[in-house]
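Since the structure comes first, as structure tokens, the remarks are kept for the end.
The values are calculated or read from the model by the stated rules, or taken from the named source; none is laboratory data. Here the structure is a predicted model, which means the values were calculated and not measured. When we count neighbours, we look across all protein chains shown, and the Cβ atoms used for this are built from the backbone with ideal geometry, even at glycine. We work out accessible area using only protein heavy atoms, side chains counted, and drop any ligands, DNA or RNA first. Shrake-Rupley method; radii C 1.70, N 1.55, O 1.52, S 1.80 Å.
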Amino acid sequence: MIKLYGVKPSNYYSLAKAILLEKGLAFEEVPTPPSQNEGFLQKSPMGKMPAIEVDGVYISETLAIASWAERAQPEPPLLPPVPVDAAKVIELCCHLKLDVELVARRVLPAAFFGATASDEVLATTEADLDKGMKAVARLFQGSPYAAGDSFTIADLYTFYTFGLSSSVIKKIYNKDLLAGYPQISTLMEALALRPSINQVEADKATCPPGRVRE
């Protein structure tokens, strides 16, 4: 059976779990916090979450996990059949992660873990997020899904990017990250009702609060 390593509060773990649920793949959750211990580094080379184990082989990084899942279980598809359309889905995922989620993470320690962010970090993060949101908006379809007519991996990236990033930005800047982006806000509301996401979030709600950082 597939094993999924990580902890429930992680948005990346949640994303990987939702992928497995969408694909109807049976898996076992193995609670494993991020670690620099050699045992976990064999599963995830940077010691981050999540990682999966398939027949004794470990795969880390959510995009790699999604790529494996798409080939291991083609139905239901999370990528369009036309190569250029599939590439555009991956492009959107990359911009969501690199230009929004990872930028917001610069101030996550200050938002939730008692750290202090310098004025320079606050200013550059806000400016870079503005550029990142505009980049995502150029690619975002939202009619009815993130990348067009079909539900794809980009929708899961959308939900778990903005689920974290919006809360961080609200806490630090007291602003709505999605203000001015009604297509994304509308899709977020719809995605929250999707069975895979609904199950992941319900399971997460049963997890005791903690201070796990990725």
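Observations on the structure shown:
- Averaged over its residues, region 13-66 has an accessible area of 44 Å² per residue, based on protein heavy atoms and a 1.4 Å probe.
- The fraction of accessible area contributed by carbon and sulfur in the chain is 56 percent, rounded to a whole number (1.4 Å probe; ligands and nucleic acids excluded).
- In Hz, Karplus ³J(HN,Hα) per residue of region 10-20 (6.51, -1.76, 1.60; θ = phi - 60°; x = Gly, Pro): 5, 5, 5, 4, 4, 4, 4, 5, 5, 4, 4
- Label positions at GLU38 and THR206, each projected 7 Å from the Cα along the C-beta direction, are separated by 3.7 nm.
- Between region 94-133 and region 1-78, the alpha-carbon center distance in angstrom: 25
- Long-range HN-HN contacts of GLU29 with modeled amide H, under 5 Å: LEU4
- Across region 85-214, Cα pairs under 8 Å and at least six residues apart give a relative contact order of 27 percent.
- In loop segments of region 95-197 as defined by DSSP, the trypsin sites (Lys or Arg not before Pro) with at most 14 further C-beta atoms inside 10 Å of their C-beta are LYS175.
- The chain, helix-only ellipticity at 222 nm - DSSP H runs n ≥ 4, -39,500 (n - 2.57), divided by all residues, nearest 500: -16000 deg cm²/dmol
- Per-residue HN-Hα couplings for region 84-96 [Karplus 6.51, -1.76, 1.60; θ = phi - 60°; Hz; x = Gly/Pro]: 5, 5, 4, 5, 5, 5, 5, 4, 4, 4, 5, 5, 4
- Cross-link pairs beyond the 23 Å C-alpha cut-off, checked among LYS48/LYS131; LYS131/LYS175; LYS8/LYS175: LYS48/LYS131; LYS8/LYS175
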